[in-house]
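K.L.:
Dropping a structure here in structure tokens format, bear with me for questions.
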Amino acid sequence: MARFKEILYGSVESKSDEHELECYANDRSEIYIKLDCNDGSWAWVCLDIPTAIKLNKVLRREINTIKEEVTNE
């Protein structure tokens, strides 16, 4: 298994650009996701593979919804 961590930052438009989302596969074959608000508060969740796949589908659906709204404007 490759060893890496992905860090994503919040959007400038929502003024959450100092927030970080950390994501990686842990040693239990789960997807670890941590949200750090850089004000001392943070939360994390570990997703099993079926739940991570569902999250992927939900994100793709919401992305497509946004794209459709932009196209229709």
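What follows draws every value from the coordinates through simple rules; no lab data is involved. Everything numeric in this text was worked out from a predicted model, so none of it was measured. Note that we place each Cβ from the backbone using ideal geometry, even for glycine, and neighbour counts take in every protein chain shown.
K.L.:
According to the square roots a ≥ b ≥ c of the eigenvalues of the Cα gyration tensor, what is the shape class of the chain, taking rounded for a/c under 1.5, prolate for a/b larger than b/c otherwise, and oblate for the remainder?
P.N.:
On the way: a/c = 2.52, a/b = 1.28, b/c = 1.97.
It comes out oblate by the Cα gyration axes.
K.L.:
Also, quick follow-up: Pop out the ³J(HN,Hα) list for the stretch 56-70 in order, Karplus 6.51 cos²θ - 1.76 cosθ + 1.60 with θ = phi - 60°, rounded to Hz; leave Gly and Pro as x.
P.N.:
So the J values, rounded to whole Hz, are 4, 5, 5, 4, 4, 4, 5, 4, 5, 4, 5, 4, 5, 5, 5.
K.L.:
Sticking with this one: Can you give the local net charge around residue 35? Use residues other than it whose beta-carbon is closer than 9 angstrom to its beta-carbon, Lys and Arg +1, Asp and Glu -1. Could you put the intermediate results ahead of the total?
P.N.:
Numbers: positive: 34; negative: 20, 22, 36.
Net of charged neighbours comes to -2.
K.L.:
Sticking with this one: For the stretch 26-42, just list the computed ³J(HN,Hα) in residue order, Karplus coefficients 6.51, -1.76 and 1.60, θ = phi - 60°, integers in Hz, with x standing in for Gly and Pro.
P.N.:
Along the stretch 26-42, the couplings run 8, 6, 9, 6, 10, 9, 8, 10, 10, 10, 10, 8, 6, 10, x, 9, 7 Hz.
K.L.:
Now for a separate question. Roughly what would the spin-label model give for residue 25 and residue 41, points 7 Å off Cα along C-beta, in nm?
P.N.:
Result for the modelled spin labels: 3.3 nm.
K.L.:
Per the helix-only calculation at 222 nm, which mean residue ellipticity applies to the chain, given -39500 (n - 2.57) for every DSSP H run of n ≥ 4 and division by its residues, nearest 500 deg cm²/dmol?
P.N.:
-11500 deg cm²/dmol
K.L.:
Loop-only check: which trypsin sites (Lys or Arg not before Pro) in the chain are DSSP coil with at most 12 other Cβ within 10 angstrom? Intermediate values should be presented prior to the final figure.
P.N.:
Numbers: sites: 3, 5, 15, 28, 34, 54, 57, 60, 61, 67; in loops: 3, 5, 15, 28.
Qualifying residues, ordered by number: 3, 5, 15, 28.
K.L.:
While we're looking at this one, here's another question. With r defined as the distance between the Cβ atoms of residue 5 and residue 61 and R0 fixed at 25 Å, what FRET efficiency is calculated, to the nearest 0.05?
P.N.:
On the way: r = 26 Å, r/R0 = 1.04.
Rounded to the nearest 0.05, the efficiency is 0.45.
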